[in-house]
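Derivation of every value follows stated rules applied to the coordinates shown; laboratory data play no part. As the structure is a prediction and not an experimental result, all values here were calculated from the model. Positions of Cβ are backbone-derived with ideal geometry, glycine not excepted, and every protein chain shown enters the neighbour counts.
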Amino acid sequence: MIRPVQRHSFWRNASPLTCLCGGGLIIMASDRLAHAITTAGALIWVYLLSMLAVHAGLRIFPRWGRSALLVVLTSFIASIYVLLLWIISPLCILEMFFIISLVPVICMASGIFDRLETQYLYDKLFISFSEAVLLGLLIVIFAIIREPFGYLSLSLPGGTQGIVLLFSFEEESFQPIRLIASSCGALLLSGYFLGLYRYFKTVETSKGEK
């Protein structure tokens, strides 16, 4: 019996935003827009290809030791992304290797393989893509806020230095504003964002109950 597809609304309790497993990734990967875009690409790559591989091997994967097998599988798919990125921009992957290595952990911690085990392939890929894009979009939004205020610049991945600056000002910013580029600033920004999210979620829930 195929269960109804659980489509992840932005405000529902099943939303990936209610899970803190990606919080550390958001803080570390959002220091620069170039790093955020690279991480978003890794999320989409790992989520989609891992789900496709798990669906293809659903009947041959053993029940015993399945978790360990999924760890190896997601890590292998992430390593392919690292290899491709190494060919394109070696310096970029040197800066991003640790962050990208966390993507398989995020994928496994989300429990997406167990939640969607009995769904059709299209639904699995659609929900996997949606969750990866949502988390990646959050990282990009944080980076768009943090980098211009913290470093007075905005960057894209690529180039001989690993990043290409769209613009950069040499003047030093005020210390309170520059704080947003640090981990403390990212935590403060996360706190404001979670506060807004909870507020709008409460409003949306109240409307749905009327």
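Listed by Cβ neighbour count within 10 Å, with the fewest neighbours leading, VAL54, VAL164, VAL72, VAL46 appear as VAL72, VAL164, VAL54, VAL46. Entry note: the stretch 21-108 has Rg to Rh equal to 1.01, where both radii use alpha-carbon atoms and Rh is the Kirkwood radius. Among THR74, THR160, THR118, sorting on how many other beta-carbon atoms sit within 10 Å of each Cβ, with the fewest leading, yields THR160, THR118, THR74.
Of SER110, SER128, SER89, SER153, the sequence from fewest to most neighbouring Cβ atoms within 10 angstrom is SER153, SER110, SER89, SER128. Along its first, second and third principal axes, ordered by size, the stretch 94-174 spans 56, 24, 20 Å in Cα coordinates.
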